[in-house]
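Asker: Take a look at this one; I'll ask things after.
No value in this document is a laboratory result; all are computed from the given coordinates. If you're wondering where the values come from, they're calculated on a predicted model, not measured in any experiment. Positions of Cβ are backbone-derived with ideal geometry, glycine not excepted, and every protein chain shown enters the neighbour counts.
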């Protein structure tokens, strides 16, 4: 295989950057997948070059990047990391004929039609309605949100930043937590609660409210304490995380009319799947007053497969999706 037969795909979040090569003449299988820690590299170009060194001498002819950030123009600033870059300047620095960037959950949405039943786990609901809209959302360093709507023989992704929509408390306990968050921030979004940092912040607030203590733990430590049952406040924090997520997911299903299913991505839920399946998530998903009967049949799927956003990044290179995201091409391309 020559270098020109490869596309480079990447999924860059606030914590990790995942890379792979796709043989454009093959079946789309990801080759040479590697995950790098974003904080280890001063710039996005440095991270790309580190990956290309790992797979040398193969050199791709184009790249498609799934980015955890709004993608609205040439100059991009990541929401939950300090990388700032120009799409055009990055393409030139890497010497690629084509460089494309799309939102990470736009990429995940584009991957949905290609996922098989073995790549997700269903949590409640019935059968997905063929040809109806699908929703996708998921917590990690932030909360990604997207959707997919049918358009003839294709699916069109919804590009947005729904994770930053304002969240309104459903219970008195949630109201306490949100009031505490408002001391430092005048806007409390869904992401402020349903994300790794949101989980840690919720635990800190509960500890202050119940014990009068100031405690700061990493999200993974809060999760560990909750899963092993050694800290009741950690269990409560993770339970609130799951319940709030259920309300947010139900809101999205109603907004999109997502009778084709709601898909959960991101790095957190697969790691807590048994806790999540037995949490208040599904009841809160369904609990939307008169719309309960509408929501109950909608299946919720937890995506459980490696690098799904890389699949969507590859799909985004198809001609039909030229207008999705931001693309820079060399003059001779």
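Asker: Once the Cβ-Cβ distance between residue 58 and residue 151 is put in as r, and R0 is 41 Å, what FRET efficiency do you end up with, to the nearest 0.05? Don't jump to the answer; show the numbers that get you there.
Answerer: Working: r = 35 Å, r/R0 = 0.86.
The calculated FRET efficiency here is 0.70.
Asker: Shifting gears a bit: Is segment 108-153 rounded, prolate or oblate when judged by the Cα gyration tensor, a ≥ b ≥ c being the square roots of its eigenvalues, rounded requiring a/c under 1.5 and prolate requiring a/b larger than b/c? Walk me through the numbers before you get to the answer.
Answerer: Numbers: a/c = 1.71, a/b = 1.22, b/c = 1.40.
Verdict is oblate for segment 108-153.
Asker: Measure nothing fancy, just the Cα-based angle from helix 44-55's long axis to the longest principal axis of the chain, in degrees from 0 to 90, nearest 10.
Answerer: For helix 44-55, the angle is close to 70 degrees.
Asker: Can you show me the helix-derived [θ] at 222 nm for the chain, built from DSSP H runs with n ≥ 4 at -39,500 (n - 2.57) apiece and divided by the number of residues, rounded to the nearest 500.
Answerer: On the way: 11 runs with 111 residues, N = 333.
Rounded to the nearest 500, it is -10000 deg cm²/dmol.
Asker: Take the alpha carbon gyration tensor of segment 27-147, find the square roots of its eigenvalues, order them as a ≥ b ≥ c, and report rounded if a/c is under 1.5; if not, report prolate when a/b exceeds b/c, else oblate.
Answerer: Values: a/c = 2.08, a/b = 1.66, b/c = 1.25.
Verdict is prolate for segment 27-147.
Asker: How long are the semi-axes of the equivalent ellipsoid of segment 267-333, taking √(5λ) for every eigenvalue λ of the Cα gyration tensor, in whole Å from largest down?
Answerer: Working: eigenvalues 281, 63, 16 Å².
Sorted largest first and rounded, they come to 37, 18, 9 Å.
Asker: Evaluate the relative contact order of the chain (contact order divided by residue number), counting alpha-carbon pairs under 8 angstrom at least 6 apart; express in whole percent. Spell out each step's value before the answer.
Answerer: Values: 664 pairs, mean separation 76.1, N = 333.
23 percent.
Asker: May I pose another question? Dividing the convex hull volume of the alpha carbon atoms of segment 9-74 by its residue count, what do you get in Å³ per residue? Intermediate values should be presented prior to the final figure.
Answerer: Details: hull volume 6.7 nm³, N = 66.
In segment 9-74, the Cα convex hull volume per residue is 102 Å³.
Asker: Using only Cα atoms, find the angle between the long axis of helix 196-211 and the longest principal axis of the chain, and express it within 0 to 90 degrees, rounded to the nearest 10.
Answerer: Between the helix axis and the principal axis of the chain, the angle is about 20 degrees.
Asker: Please give the FRET efficiency for residue 185 paired with residue 293, using the beta carbon to beta carbon distance and R0 = 45 Å, rounded to the nearest 0.05.
Answerer: Working: r = 36 Å, r/R0 = 0.80.
Efficiency for this residue pair is about 0.80.
Asker: If I take R0 = 45 Å and measure r between the Cβ atoms of residue 25 and residue 132 in this structure, what FRET efficiency does the formula 1/(1 + (r/R0)^6) give, to the nearest 0.05? Intermediate results must be reported in sequence, preceding the final value.
Answerer: Values: r = 34 Å, r/R0 = 0.76.
That pair, residue 25 with residue 132, gives E of 0.85.
Asker: On the first, second and third principal axes, largest extent first, how far apart are the outermost C-alpha atoms of segment 75-223 in Å?
Answerer: Here the Cα extents, ordered largest to smallest, are 56, 48, 28 Å.
Asker: Mind pulling the angle between the C-alpha long axis of helix 232-256 and the longest principal axis of the chain? Nearest 10 degrees, somewhere in 0 to 90.
Answerer: So the inclination is approximately 60 degrees.
Asker: Given that compact globular proteins tend to follow 2.2 N^0.38 Å, what is the ratio of the alpha-carbon Rg of segment 116-304 to that value? Before the final figure, lay out the partial values.
Answerer: Details: Rg = 16.5 Å, N = 189, 2.2 N^0.38 = 16.1 Å.
So the Cα radius of gyration is 1.02 times the expected 2.2 N^0.38 Å.
Asker: So between residue 172 and residue 45, what do we pick up on full extension, going 0.36 nm a residue minus the alpha carbon distance?
Answerer: On the way: separation 127, 0.36 × 127 = 45.72 nm, distance 4.67 nm.
Roughly 41.0 nm would be gained on extension.
Asker: Same structure again: Segment 137-178 to segment 58-73: how many Å between their Cα centroids?
Answerer: That distance is 22 Å.
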